[in-house]
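The values are calculated or read from the model by the stated rules, or taken from the named source; none is laboratory data. Just so we're clear, the structure is a prediction, and the values are computed from it rather than from any experiment. Glycine gets a Cβ as well: all are built from the backbone with ideal geometry, and neighbour counts include every protein chain shown.
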Amino acid sequence: MITAVDTNVLLDVFLPDGRHGPRSAQWLRTAYDSGAILVCDVVYAELVPAFVDRTALDEVLRTIGGEPSPIDNAIAFEAGVRWRRYRQAGGTRKRILTDFLIGAHAVAKADAFLSRDRGFYATYFPELDREGENP
């Protein structure tokens, strides 16, 4: 099974977060034991501020078995289509396009998606198997 991982789950473990960290660490262990863990370009970029340099970030991702997975034009297009639907439905948050890129990547490249942001992804990416929903 291939699992794409959202930024919030990784930061829970890497920073660490006392409230969400243990559960997120367990989700990552389960995903690792089940197959591959994918980290898309956007998630990678969102992780950068938490690390002193690229070497440290790359090392921690290797430690958890996180594999880089690029976003191509087809994924970016799908994200844009869903973001446009969101905006047409009255969505007002303009900076949320990154979440659409993360979700579209998960749909295209993974069997499951690991995130604590249940509501957003359930609404705009209902076809995702959201692993984080049932700890």
If only one of Arg87, Arg54 is among the basic types (Lys, Arg) and out of contact with any Lys or Arg (no Cβ under 9 Å at 6 or more places or on another chain), which one is it?
-> Arg54
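Does Arg23 satisfy the criteria of being exposed (fewer than 14 other Cβ atoms within 10 Å of the Cβ) and charged (D, E, K, R)?
On the way: exposed (fewer than 14 other Cβ atoms within 10 Å of the Cβ): no; charged (D, E, K, R): yes.
No, not satisfied.
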Residue satisfying condition, being more than 28 Å from Arg19 (Cα to Cα), surrounded by fewer than 19 Cβ atoms within 10 Å (Cβ to Cβ) and basic (Lys, Arg), within set Arg118, Arg93, Arg85 = Arg85
Note: among Val52, Val81, just one is touching a helix residue (DSSP H, G or I) at 6+ places or on another chain (Cβ under 9 Å), modelled with pLDDT of 95 or more and over 17 Å from Val42 (Cα atoms), namely Val81
Exactly one of (1) more than 19 Å from Phe14 (Cβ to Cβ); (2) surrounded by fewer than 14 Cβ atoms within 10 Å (Cβ to Cβ); (3) touching a helix residue (DSSP H, G or I) at 6+ places or on another chain (Cβ under 7 Å) is unmet by Ala104. Its number?
-> (2)
Which one is modelled with the highest pLDDT among residues in the stretch 7-28 that are assigned to a loop (DSSP other than H, G, I, E, B) and within 19 Å of Ala56 (Cα to Cα)?
-> Leu15
For the stretch 43-50, indicate whether the set of residues that are surrounded by fewer than 16 Cβ atoms within 10 Å (Cβ to Cβ), closer than 27 Å to Asp72 by Cα, in contact with a Ser or Thr (Cβ under 9 Å, 6 or more places away or on another chain) and touching a residue at least 60 places away in the same chain (Cβ under 8 Å) is non-empty.
-> no
